[in-house]
Every structure is written in structure tokens, then in C-alpha cells.
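Have a look at the structure below before the remarks.
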Amino acid sequence: MALMRKSRQPKWNRRHLLGLRELTAEEITYILDTAEGFEQVSRRSVKKAPPLRGKVVVNLFFEDSTRTRTSFALAANRLSADIIEFTKKSSSVSKGETLLDTARNLEAMGIDIVVVRHGAGGAARLLSRNIKACVVNAGDGFCEHPTQALLDVYTIRKIKGSLEGLKIAIVGDIAHSRVARSDMWAMTKLGAEVIFVGPPTLMPGQVNRLPVKVSHSLDEVIEEVDVVNMLRIQFERLGGNPFPSIREYSHYFGLTVDRMKKTKPDILVMHPGPINRGLEMESEVADGGNSVILEQVTNGLAVRMAVLFLVNQAAAMEK
Ligand code: ASP
């Protein structure tokens, strides 16, 4: 009886995707498997599927974005939804309207899914508690960027087959990175070992409470890892100077052609973008044979189609 009840449970029943910390490994795997199905749609000559026909998706971006925003817009388009683009600069937010008022007004027009990026941690959760539409977090402060991490693990799984037993270094400005946090949850839940690498000044407080190892030397770990994910220094979020000079940072933590000579031959080089070439990574490495940076971008589309599809389906089941 218990078994029967278990097998009848839907594999995904969340109307919102707020972060990966709260998801199980099974839920993450289910999103990745669903994304695999949607990858096929992008290979067809007519790159459209009907599941979100008649639905309205709003891209509500209070921070700049290139990849995430375009990718969500294209994902919504490919699922046949109508998409509304909202930016802080061209809206009444510049006149002092709050996040909640903005969202409630958009909701009054009948939107179904809000994709939100905001500088404040918890912004997506706040919205999810106050509006009826589905909410998808496209990055909140330093907290989470779930679809980035999903596309990262999707890319790794696609190439390596599984994350089980892999060693993954996440390098750079961990303290200010929502990507590092979401990656950490996704990667460890799927069985990888994660090492945060960076200077002590760019490590989050209480890092010893997180399910990761910590290293302050890229040279110490570079030979043993299967994947290296290089992060941008989030200058826009820095209060002071976390290291003496950019040159010194690159010397110790940059992924250089020289350092690449020490890695496993099949190491995957990743970056969530935007890259500061010459700072966290040399151009030859970013464009080199081990780089999967553009594959990450391609896979992001299928992953975001899966997320939009799944939250919408969960909302429909609740009705
Ligand atoms: N695009 C990612 C983010 O929005 C990473 C970055 O900006 O460095 O968090």
C-alpha cells in the first residue's frame, strides 16, 4: 500500500523554483531528464512546442543580464507562451514602486509565470508568498541562481555521464556568488565533491558549515579535479578591495595556459559568464579545447524550457 502511494506521487509538484537547497536529488534529476526531452525541440526545423500556449511569462529583471534573460525569453517562446520583458530602468520602479506592487500590478493583467532577478536575497521567495503566479528565481542577491546551476550539472552529466564521484573546483569570488551556492547544492546532491577555491577574503562566512572542502590554492587542487568552474569577481558587490591587485589575483587564482598543462586531459572548464578575460581566465583557455562555456549557454535553453514547463504543470495540477 505504502509502495503504491509512493509510485503515484508526481515527480515534480512545485509551482515555484526558488532555489536548489530545498530540492531533492530526485527532483533535480527529474528537471535534467525533462530538459533532455526539450533539447530535441531546439534541433527541429520548427523550433516550437505547444505546452505553454495561451500562458504569459514575465521576465522581471531588476539587475542586468545577458544570458539568463535571453534564454528565459527564448525558452518561453519555444514553449509558445507570450513573453513580457520588464526592466528596472524603463519601468515605474525608477519612480519608487516596490517589487511587490510591481508584481501585483503585472499579475492583475493575468500573468502566469514570473521569472525574477533581484539584488536582494529572498526576493523570489517573497514574491512566491504574495502572488498567485508561478515564480522562478533568475538570481537573488548572493543567495541562489538555480537555473544556472541546473544547466551546469546538465552540461557535466551530458559529457561525463554522471556527477557521482567527480571532483569539482569552484574558483574565485565565492563570497558574492549565487552561482557558487546553487552549484554547491546541485553538485553535492548529485554525488560530486565540491571544493571552493579562492583567497580567504572571498570565502563566505561560516564556510565550514557548508558541504564543501575549502582551498586557498588553485595549484593545490588543479591536478586532481574533473571540472573547474571559474567565477567572475563581482566588483559591483564588493565593499572594499579583497586582494592587493588584479595582477596578484590572476597569478594565484587565474586559469592560465600554464596551469592547464597540469590538469587532467579531459577536465571541463566552465564559467557562468560574463567572463573577464585575462582576469579569472586567459582567453586561450576560455576558447580552448576543454572549455564548455558555450555548451553551458546552449544547454541553458533546454533547462529553462523544462523549468517553465514543470512549474506551469504543477500549477495546473493544483487547480
Ligand atoms: N551571470 C551570473 C549571475 O548573474 C554570474 C555573474 O554575474 O558573474 O550571478
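What follows draws every value from the coordinates through simple rules; no lab data is involved. Given the structure is predicted, the values throughout are model-derived calculations rather than measurements. In this analysis, Cβ positions are derived from the backbone assuming ideal geometry, glycine residues included, and neighbour counts consider all displayed protein chains.
For this structure, a couple of remarks:
- Around Asp140: net Lys/Arg minus Asp/Glu count, Cβ-Cβ under 14 Å: +4
- Net length available on complete extension from Glu22 to Lys48 is 6.2 nm, with 0.36 nm assigned per residue and the Cα-Cα distance removed.
- Global geometry of the range 233-319, whether rounded, prolate or oblate, following the gyration tensor of its Cα atoms and the 1.5 cut on a/c: oblate
- Between the beta carbons of Glu220 and Asn276, assuming R0 = 25 Å, the FRET efficiency works out to 0.60 to the nearest 0.05.
- Couplings 3J(HN,Hα) of the range 30-40, computed from phi: 5, 5, 5, 5, 5, 4, 4, x, 6, 4, 4 Hz, in residue order, whole Hz [Karplus 6.51 cos²θ - 1.76 cosθ + 1.60, θ = phi - 60°; x for Gly and Pro].
- About the Cα centre, charge dipole magnitude for the chain (Lys/Arg +1, Asp/Glu -1 at Cβ), debye: 1260
- Anchor Lys89: lysines whose Cα lies under 27 Å away (excluding residues fewer than 8 positions away in-chain): Lys55, Lys132
- Diffusion of the chain by Stokes-Einstein, at 25 °C in a medium of 0.890 mPa s and with Rh set to the Kirkwood radius over alpha-carbon pairs, works out to 121 µm²/s.
- Chain lengthening between Lys158 and Thr87 when straightened (0.36 nm per residue, less Cα-Cα): 22.2 nm
- Under a 5 Å amide H cut-off, with hydrogens placed 1.01 Å from N, Met281 pairs with Leu255 among residues at least 5 apart or on other chains.
- Note that the range 47-105 shows a convex hull volume over its alpha carbon atoms of 82 Å³ per residue.
- Eigenvalues of the alpha-carbon gyration tensor of the range 148-302, scaled by 5 and square-rooted, set the equivalent ellipsoid semi-axes at 21, 18, 15 angstrom, largest first.
- In the chain, helical runs assigned H by DSSP with n ≥ 4 each contribute -39500 (n - 2.57); averaged across all residues and rounded to the nearest 500, the mean residue ellipticity at 222 nm is -12000 deg cm²/dmol.
- Gained length - Lys167 relative to Arg237, 0.36 nm times residue gap less alpha-carbon distance: 22.4 nm
- Amide H contacts of His271 (H built 1.01 Å from N, under 5 Å, at least 5 apart or other chain): Met230
- The distance separating the Cα centre of the range 96-145 from that of the range 180-210 comes to 26 Å.
- Between Glu318 and Thr298, the distance separating the two model label sites (each 7 Å from Cα on the Cα→Cβ line) works out to 3.6 nm.
- Net dipole in debye of the range 52-194 [+1 Lys, Arg Cβ; -1 Asp, Glu Cβ; about Cα centre; nearest 20]: 260
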